[in-house]
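A short reminder: the numbers here are calculations on the coordinates, not readings from a lab. Note that this is a predicted model, so its numbers are computed, not measured. So basically every Cβ, Gly included, is an ideal-geometry build from the backbone, and we count neighbours across all protein chains shown.
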Amino acid sequence: MINKYEERLGTERMLPLVFKMALPAVAAQFVNLLYSMVDRIYIGHIPGIGTDALAGVGGTTSLVILISSFSAIVGGGGAPLAAIALGQGDRSRAGKILGNGFILLILFTLFTSLIAYTFMEPVLLFTGASENTLEYAVDYLSIYLLGTIFVEISTGLNSFINAQGRPAIAMYSVLIGALLNIVLDPIFIFWLDMGVKGAALATVLSQACSAVWVLTFLFSRHASLPLEKRYMALNREIILSIFALGVSPFIMASTESLVGFVLNSSLKDFGDIYVSALTILQSAMQFASVPLTGFAQGFVPIVSYNYGHGDKQRVKDCFRVALITMFSFNLLLMLFMILFPSTVASAFTSDERLIETVRWAMPVFLGGMTIFGLQRACQNMFVALGQAKISIFIALLRKAILLIPLALILPHFMGVAGVYAAEAISDATAAICCTLLFFWQFPKILGKIQRSTLHIR
């Protein structure tokens with residue numbers, strides 16, 4: 001039996017439906033960003049050690065992103081496949097995808113935690129930590145890793161809640177954790193005088209509450225696609241299909257980590273002030289990416305569901321709304337940050353030297369992001385339509401093929417500015433290439449769709 005929340009994915013007017021699905025996801029992403037943003041804001045204002053502590057925690061960012069990116073295999077690969085299966089009326093397959101995804105998240109936790117603890121200090125030194133900042137990086141990461149299971153579950157399974165047409169429930173899971181983090185941060189950091197350890201502990205406890213909320217819903221009768229024990233037996237075909245589509249979102253997320261390794265390592269040669277500046281710049285980029293990620297989480301289930309139904313027109317209509325909205329909003333947000341960099345920097349630090357560094361670096365770093373809304377819309381459409389190979393190529397293009405080589409080469413010609421410029425050049429180039437590729441492939445993909453007999457209009 002089709003749940004009313006699922007049914008609306010194939011029947012409601014497209015424009016209000018997209019925003020109904022996307023806005024809670026956007027809000028959830030903004031709130032989720034508060035985890036790292038609030039941590040960094042409080043850490044940056046710790047008396048006497050704020051700038052060094054900020055650089056140390058910034059050095060952990062790449063490893064944290066890499067660990068959490070494993071959840072993207074399940075959330076980014078499994079959830080669209082589950083939505084397509086629901087659109088086709090195959091609830092058993094959808095259940096198996098969810099159950100196998102849950103087990104994969106547990107296995108990912110065991111793997112990443114063991115590796116991270118074993119090689120923590122060498123990796124942190126490689127990613128930009130110096131003798132002055134390593135202590136703070138280790139303090140933060142050693143506690144953060146205790147909550148890896150909560151991060152994997154909350155981020156990996158939330159997408160399955162969206163796939164059921166329940167974005168508000170998914171939003172609440174993030175909201176609960178983020179608000180708790182805001183409350184606990186000053187208590188642990190300042191009142192209990194735990195410093196960066198307190199920031200990490202606040203994040204772990206907050207993520208735990210989010211994970212409990214997600215699991216409580218998925219195990220309840222309120223879920224139209226519940227998490228059931230009978231579907232948790234590992235199935236080779238299901239796992240391979242999750243990996244095939246999930247590799248692209250994983251690469252999108254994990255290459256952010258790899259880039260962080262390269263950028264931090266390059267900037268360390270110029271001084272800790274530039275590593276601290278990068279921490280702020282990446283926070284600004286994350287803030288700008290949040291609406292795009294949230295909107296994608298909103299429209300991907302709609303596209304996948306209607307793709308499963310065979311409804312070409314609704315797929316086209318959804319893409320049109322997503323493209324215009326994501327491009328316009330991203331452009332306006334980028335222009336604000338480029339025009340007012342000091343305002344952004346002041347939220348993270350009162351160090352005038354650091355603010356000045358961010359002021360000139362921000363336009364250089366974020367210039368290419370002005371058109372990035374095009375790439376996110378097109379790339380997530382490929383994922384929503386189950387186009388694994390194309391999605392993987394696009395994911396590799398921006399970071400692995402373009403940014404990393406540029407970040408290693410340009411500093412020899414441009415100095416420290418070359419490290420920041422590499423990001424802008426790769427972002428703009430990848431956005432243009434992805435958009436052209438999508439409009440070339442989209443008619444071919446739609447041509448393969450056969451209208452489902454399950455779909456009654």
Ser224, Ser283 arranged by Cβ crowding within 10 Å, fewest neighbours leading: Ser224, Ser283
Residues Ser328, Ser241, Ser248 arranged by fewest to most Cβ contacts within 10 Å: Ser328, Ser241, Ser248
Stokes-Einstein D in µm²/s, Kirkwood radius over Cα pairs - segment 7-447 at 20 °C with 1.002 mPa s viscosity: 99
Theoretical gain in end-to-end length, Lys316 to Leu192 [0.36 nm per residue, Cα-Cα removed]: 39.2 nm
Estimated FRET transfer efficiency (Glu135, Val183; beta-carbon r; R0 22 Å; 0.05): 0.25
Calculated FRET efficiency for the pair Arg236/Phe439, C-beta based, R₀ 51 Å, to 0.05: 0.90
Axial C-alpha extent at least 20 Å, average Kyte-Doolittle at least 0.5 - helices from the chain (DSSP): 14-44, 50-72, 91-118, 148-163, 167-186, 196-218, 236-268, 272-309, 312-339, 352-366, 416-447
Simple spin-label estimate for Arg359 and Leu110 in nanometres, 7 Å along Cα-Cβ: 5.4
Part-to-part distance (alpha-carbon centres) for segment 327-354 and segment 87-116, which is given in Å: 38
Distance between segment 217-275 and segment 144-195 - C-alpha centres, whole angstrom: 16
Above-threshold pairs, the threshold being 25 Å between Cα atoms, out of Lys229/Lys316; Lys316/Lys389; Lys197/Lys399; Lys20/Lys312; Lys229/Lys389; Lys268/Lys399: Lys229/Lys316; Lys197/Lys399; Lys229/Lys389
FRET efficiency for Asp90 and Phe243, using Cβ-Cβ distance with R0 set to 22 Å, rounded to 0.05: 0.65
Dipole axis of segment 7-447 (+1 Lys, Arg; -1 Asp, Glu on Cβ), positive-most option in Thr343, Gly386, Pro363: Gly386
Where a label projected 7 Å from the Cα of Glu12 along Cα→Cβ would reach, residues of segment 59-83 with amide N under 18 Å: 83
Sequence of Thr11, Thr60 once ranked by neighbouring C-beta atoms within 10 Å, starting from the fewest: Thr11, Thr60
